[in-house]
Amino acid sequence: MNPLFSIITVCRNAADTIAATIASVDAQTCRLYEHIVVDGASTDSTLDVLERYPSSLRRVISEPDKGIYDAMNKGLAQASGDYVLFLNAGDAFHSPDTLRLYADAIMDNDYPGIVYGQTDIVAADRSRIGPRHLTAPATLTLASFAEGMLVCHQAFVVLRRIATGYDTRWRFSADYEWCIRCLQHSRRNVLVPEVTADYLAEGTTTANRRRSLMERFRIMCYYYGTAATIRRHIGFAVRALRRGSLCAAAYHRIYTTYR
C-alpha cells in the first residue's frame, strides 16, 4: 500500500519565501499527502499569500507559538500520515517527483523507519548555489550523527509512529536532537540516491551560530559521550586548520551543521 505523507511547514512573517514552498508541494506528482502549515500569527501578508494557493490537501493553522520547535510540535500533533517530513518556508522539494521517489523507496524496502536524500542550497531567486557541505551517507546509522547533522532536516523523512516531539529546551538545535532520537528507534534507514530537498540559504547571526554549536556539543556529549565528543571536535579543528580556516568565523561556517 502506498504511504501517506504528512508534510509540515512552519513559518512566521514569510510572505517573501512561502510561495516557493507551497508551489513545490502542489506540484508533486504523488498526491498521497496532507500539507499542514503552522503559521506563528504572522503580521505581514503571509496568510494572504497562502490564500492564493487553495488546496483540499492543505490546512493552515495560524496562532502564536513559543518558537519554531513548538510550532513543529503542533504540526506533528496534527499529522495523520504514515510518514512525516518538514519543509520550512523557503525550502522546497527538489522536483515534482520527489514524493514519488520517497514512496517507491518506502514500498521497496518494507516501510523503513527513515528515508532520506541529498540537499542542494538555493538562493532567494531559487538559483542553485551548490550541494550542502555535508553529504548524506549511503549507510545511515545512529553513530553517523556523532559527526554532525549529516542529513539535512528537510531531506529526512520519518515513520510517524517513531517520531516523538521536539525537545523545546533546545532553542537552536532541537532538530538535531530529534533526528538522533528518530534514529534510535528506526530499524532500517534507506537512502534515496537523488537530491530531494532545496534548502534556502539564509543569514544566521554569529551569536546564534555559536549558541547552536554549544547546544550541538552538549547534545553530542549526552548521546555519544563527552570524551569521544571532545576527541572528535579536536579532529574537526585539525581538519579546519589543514583547510586554511584559521579564523573562528570560518570554522563556524564550515562546521555548523544546522539543518
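The values are calculated or read from the model by the stated rules, or taken from the named source; none is laboratory data. In this text the structure is predicted, and so the values were computed from the model without any measurement. Virtual Cβ from ideal backbone geometry, glycine too; neighbours counted across all protein chains shown. Areas reflect the complete protein model, heavy atoms only, side chains present, ligands, DNA and RNA absent. Shrake-Rupley method; radii C 1.70, N 1.55, O 1.52, S 1.80 Å.
Considering all C-alpha pairs of the chain, those separated by over 24 Å amount to 46%. Sequence-ordered 3J(HN,Hα) estimates for segment 112-128 from the Karplus curve with 6.51, -1.76 and 1.60 and θ = phi - 60° stand at x, x, 9, 10, 8, x, 8, 9, 9, 9, 10, 8, 4, 8, 6, 6, 6 Hz, glycine and proline given as x. Just want the answer: with Cβ charges of +1 for Lys and Arg and -1 for Asp and Glu, which residue in Ala123, Ser24, Ser45 is farthest toward the dipole's positive end in the chain? Final value for the positive-end residue is Ala123. Here each label is just a point 7 Å from Cα along the line to Cβ, and for Arg59 and Arg187 those points are 3.0 nm apart.
When you restrict to C-alpha pairs under 8 Å that are six or more residues apart and normalise by the size of the chain, the relative contact order lands at 21 percent. Each of Arg132, Arg187 has its accessible area taken with a 1.4 Å probe; listed largest first, they run Arg187, Arg132.
Put simply, the amide H of Val122, placed in the peptide plane, has neighbours under 5 Å in Ile129, Tyr199, Leu200, Ala201, leaving out anything fewer than 5 places away on its chain. When the Cα convex hull of segment 76-148 is projected onto planes of every orientation, the mean area is 6.6 nm².
So what's the projected area for segment 82-236, the Cα convex hull averaged over all directions, in nm²?
Working: hull surface 37.9 nm².
Over all viewing directions, segment 82-236 projects a mean Cα-hull area of 9.5 nm².
For segment 111-194, a crude dipole built from +1 on the beta carbon of Lys and Arg and -1 on the beta carbon of Asp and Glu, taken about the Cα centre, is about 280 debye to the nearest 20. Distant-in-sequence amide contacts of Leu134, defined by a placed amide H-H separation under 5 Å and a gap of 5 or more residues or a different chain, comprise nothing. Taking the charge dipole of the chain about its Cα centre, with +1 at Lys and Arg Cβ atoms and -1 at Asp and Glu Cβ atoms, the residue from Ala174, Phe86, Pro3 reaching farthest to the positive side is Ala174. The phi torsions of segment 84-97, fed into the Karplus equation with coefficients 6.51, -1.76 and 1.60 and a -60° offset, translate into couplings of 10, 8, 10, 10, 6, 4, x, 7, 7, 5, 5, 8, x, 9 Hz, rounded to whole numbers, with Gly and Pro shown as x. With an a/c value of 1.5 or above and a/b not larger than b/c for the gyration tensor axes a ≥ b ≥ c computed over the alpha-carbon atoms, segment 1-72 is described as oblate. Dipole size of the chain about its Cα centre, with +1 on Lys/Arg Cβ and -1 on Asp/Glu Cβ: approximately 1240 debye, rounded to the nearest 20.
Residues Leu32, Leu134, sorted by accessible area with the largest first, give Leu32, Leu134 [1.4 Å probe; ligands and nucleic acids excluded]. Mean residue ellipticity, 222 nm, helices only, the chain: the sum of -39500 (n - 2.57) across DSSP H runs of n ≥ 4, divided by residue count and rounded to 500, is -11000 deg cm²/dmol. Proximity of backbone amide H atoms, modeled 1.01 Å from N, is registered between Ser95 and no other residue at under 5 Å, excluding neighbours fewer than 5 places apart on the same chain.
Would you please state the base-10 log of I(q)/I(0) at q = 0.11 1/Å for segment 1-147, with intensities from the Debye formula using one equal scatterer on every alpha carbon? Here log10 of I(q) over I(0) equals -0.45.
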